[in-house]
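Working notes, beginning with the structure itself.
Every number in this text was worked out from the coordinates using simple rules, so none of it is lab data. Just so it is clear, the structure is predicted and the values come from calculations on it, not from any experiment. Methodologically, a virtual Cβ is constructed for each residue, glycine included, from the backbone with ideal geometry; neighbour enumeration extends over all protein chains shown.
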């Protein structure tokens, strides 16, 4: 009988809090045994170039997660890095140490970590000998749910290619989006990342027996890509991602910036998320003397937004009107969702659009971009705008800055929006796997 | 009657010392044929110095320095009224550079017969000195069709018509061209000499070298595209094949041979479309090859592709593909002048991307289909033997 293998290499290597892809991968992984009891977790061991047995305990996030009473909570306040940053030591050093001392510290750190890595690598090589290699049998199933070695074709993909020839193993791969191919300009690096991703996708589609798309939009994009590259057609199934929120999040968090009403925008502070449109809408409001509530943008600092960051921070006419928060924990974010007037999501293109779903899960109205997968999430329940049209966005921001209208919309959301649990997503996914 | 050989001068826009691209090879074969007919023949090419290295230049050629060309480019474009190609600019430049103009006209004075390969260099010549000479118009294409700009089309048509008036007769490659010139002048004498092939000897050294290169690149099966570094050839490839290479398995590739390799490599490196990586991985380049190596590459290929939809390149590659006896997938544009061959089993014609790539895919699973035509009819020897009587008569008339 064929066996199902779930690759958790990416989760094992992932540091800290989970984002997009890893969140999906993790939620599917922890439900694997419920759905397919005899399935096996595996990882790619680069030191011996083999796929070996693995278990969930090797994932840092899982260890924090399983030790909590609340199974949805991972408190990153407990991480060493967070404590250092919060203690202010890092900031003080950055601000007051003379340059030569900073250089010296960095050099010592680099030298130390170089030798440290060497020792660690040799130890890992030794310990890898004790791991148990996976011996594939005919028609075994291999699940790839994350970014394998940052979309590299070496390593695990090369082994799977070989196993496909020898044992005809079945490969099921989740595809999150094709944005690096559609919008390579959003990824910098002179298109090198986009090329690597394109190459990965091209090869993985050939290799896979089934593709799982996270939205109908991604499925359509995949079909276009397959057609434009004359790849063989593969079955593509769509799953809906979970958007449940932790019902017990009573964590009290001081939100200093939210004494007054505010609009919330969530998502990595990077060029594709299109915060430039929000800036333009606020500038337009200022020009037309329209009073808008404060805007809080929450997202890790990303790429190709240095100029926008500067504009927002140095625009004295908008002073304190737009606030950007980069290091926000799950608990803080939860409070922000609960306390905001409504949310806005101006992203140019998405594979899914989790912040829209999260907003609705919190019962909050969302103004979202009308492209790609975003209208799939809530259909007519929310309002959409063209992500290149600041005037239209401003009109909606002004319209929804209205207590009565928001209450009415929130009631509609409460009555009509069905939250998708991760259990449901996992059931959908594993049903396709075993089919 | 004097026994003195008549002197014939051929004038073109390139050298023919080491002919590589189609135009050069056609000119070279015409020159050899004129010699065979008993004429004393010389060739003058006029071109930009950076286009051909010294070992490829003829002693009589007019070589324009890059500096002079670029210093005068804007003014020349202004004179012609549009952004023109080198083969239009260079003759205009020669008229304005007395030394070069005199060299050209004085050379022409020493010959009885002047053969213009393509109409462009006709611009540079003093028409008065042509009055008592036999002028032959050697055509490669319907040149005006190869320009997009309306003014350029008009300009090229004017040069073509001027030369047609002076020319005693026209030598064309295809029936299409013949009809075009007859439309311009229904009384004009026209000889159709299709592009053809010089059979190459099979060389064991070349075969082994190519075999080793293919092994090194892990190429088990491949479709061959031989082409020159002509931008429309690249654009044609992108339009007809582009990224549609997903049907190739790990050991199947497209091999591009000839100078197009350089152009493709540069163009793809400059491309912002990340799908260009697919071409970078599935297309292998064999840069400049000698005749034996090229023959070996043809012999070992699964088939030959001619994905050409526009451009001014000669369709000499078509003759070579047909002569090889390999399975061929081509556009109808690539088969201009070879229409009768389109019906044969080893030839598949497709003018859209989907059909073309479907045929390519089929080729990998097909054995070489039997060749039902006489390959000897594709040789230069045959091409000339059919026309030399008429050619001699027209020149001597």
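As a test, work out the antiparallel percent of DSSP beta bridges whose residues both lie in the protein assembly as shown, rounded to the nearest 5. If you can, show how the numbers build up before the last one.
Details: 5 of 83 bridges.
Taking every DSSP beta bridge with both residues in the protein assembly as shown, the antiparallel ones total about 5 percent.
Per residue, the average separation of C-alpha pairs within less than 8 Å and at least 6 apart gives chain B a relative contact order of 14 percent.
Normalising the average separation of contacting C-alpha pairs (under 8 angstrom, six or more residues apart) by the number of residues puts the relative contact order of the range B:122-227 at 22 percent.
Counting neighbouring beta carbons within 10 Å and listing from fewest to most, the residues A:421, B:379, A:9 come out as A:421, B:379, A:9. By the helix-only formula, in which each DSSP H run with n ≥ 4 contributes -39500 (n - 2.57) and the sum is divided by residues, chain B has a 222 nm mean residue ellipticity of -12500 deg cm²/dmol. In terms of overall dimensions, the C-alpha atoms belonging to the range B:1-150 reach 52, 33, 32 Å along their principal axes, ordered largest to smallest. Is the shape of the protein assembly as shown best called rounded, prolate or oblate, per the rule: a/c under 1.5 gives rounded, else a/b larger than b/c gives prolate, else oblate, with a ≥ b ≥ c the square roots of the Cα gyration tensor eigenvalues? In terms of gyration-tensor shape, prolate. Taking the Cα of residue A:126, stepping 7 Å toward and past its beta carbon, and measuring to each backbone N in the range A:29-68: which are under 19 Å? Residues passing the 19 Å test: A:46-49.
In terms of other Cβ atoms within 10 Å, A:305, B:59 run from fewest to most in the order B:59, A:305. For chain B, the Cα-based Rg and Dmax, in that order, read 21.7, 71 Å.
Between the range A:214-235 and the range B:247-299, the alpha-carbon centres lie 26 Å apart.
Modelled spin labels at residue B:60 and residue A:427, positioned 7 Å past Cα toward Cβ, are 8.9 nm from each other. Comparing mean-square fluctuations of B:48, B:79, B:245 from a GNM of chain B with C-alpha springs under 10 Å, the top value falls on B:79.
Here the average projected area of the convex hull drawn through the C-alpha atoms of the range B:1-59 stands at 4.3 nm².
Averaging 1/r over each pair of different alpha-carbon atoms in the range B:149-250 and inverting the result gives 18.6 Å, the Kirkwood hydrodynamic radius. Here chain A carries DSSP beta bridges of which approximately 15% are antiparallel, counting only pairs with both residues inside. One Cα centroid belongs to the range A:306-358, the other to the range B:22-53; the line between them spans 70 Å.
Computed from the Cβ-Cβ distance with R0 of 41 Å, the FRET efficiency linking residue A:150 to residue B:366 stands at 0.55. The mean number of Cβ atoms from other chains found within 10 Å of a Cβ in peptide B:269-282 is 5, as a whole number.
With each run of n ≥ 4 DSSP H residues scored as -39500 (n - 2.57), what mean residue ellipticity at 222 nm is computed for chain A after dividing by its residue count and rounding to the nearest 500 deg cm²/dmol? Present the calculation step by step, with values, prior to reporting the outcome.
Values: 19 runs with 200 residues, N = 435.
Estimated from H runs of four or more residues: -13500 deg cm²/dmol.
Quick one: divide the alpha-carbon radius of gyration of the range A:257-373 by 2.2 N^0.38 Å and tell me what you get.
1.00
At an R0 of 41 angstrom, the distance between the Cβ atoms of residue B:189 and residue B:375 translates into a FRET efficiency of 0.85.
Give the calculated FRET efficiency between residue A:52 and residue B:343 to the nearest 0.05, with a Förster radius of 56 Å applied to their Cβ-Cβ distance.
Values: r = 60 Å, r/R0 = 1.07.
Step by step, r from the Cβ atoms, then E = 0.40.
Given the Cα-Cα distance of residue A:63 and residue A:313 and 0.36 nm per residue of separation, how much length would full extension add, in nm? Before the final figure, lay out each step's value.
Working: separation 250, 0.36 × 250 = 90.00 nm, distance 3.83 nm.
Additional length available on full extension: 86.2 nm.
Modelled label positions at residue A:99 and residue A:389, each set 7 Å beyond Cα in the direction of Cβ, lie 5.0 nm from each other.
Extending 7 Å from the Cα toward the beta-carbon at both residue A:162 and residue B:126 defines two label points whose distance is 7.8 nm. Build a GNM of chain A with springs between Cα atoms under 10 Å apart, and of A:321, A:165, A:206 the one that fluctuates most is A:165.
Considering only B:384, B:205, B:166, the Gaussian network model of chain B with Cα springs below 10 Å gives its largest mean-square fluctuation to B:205.
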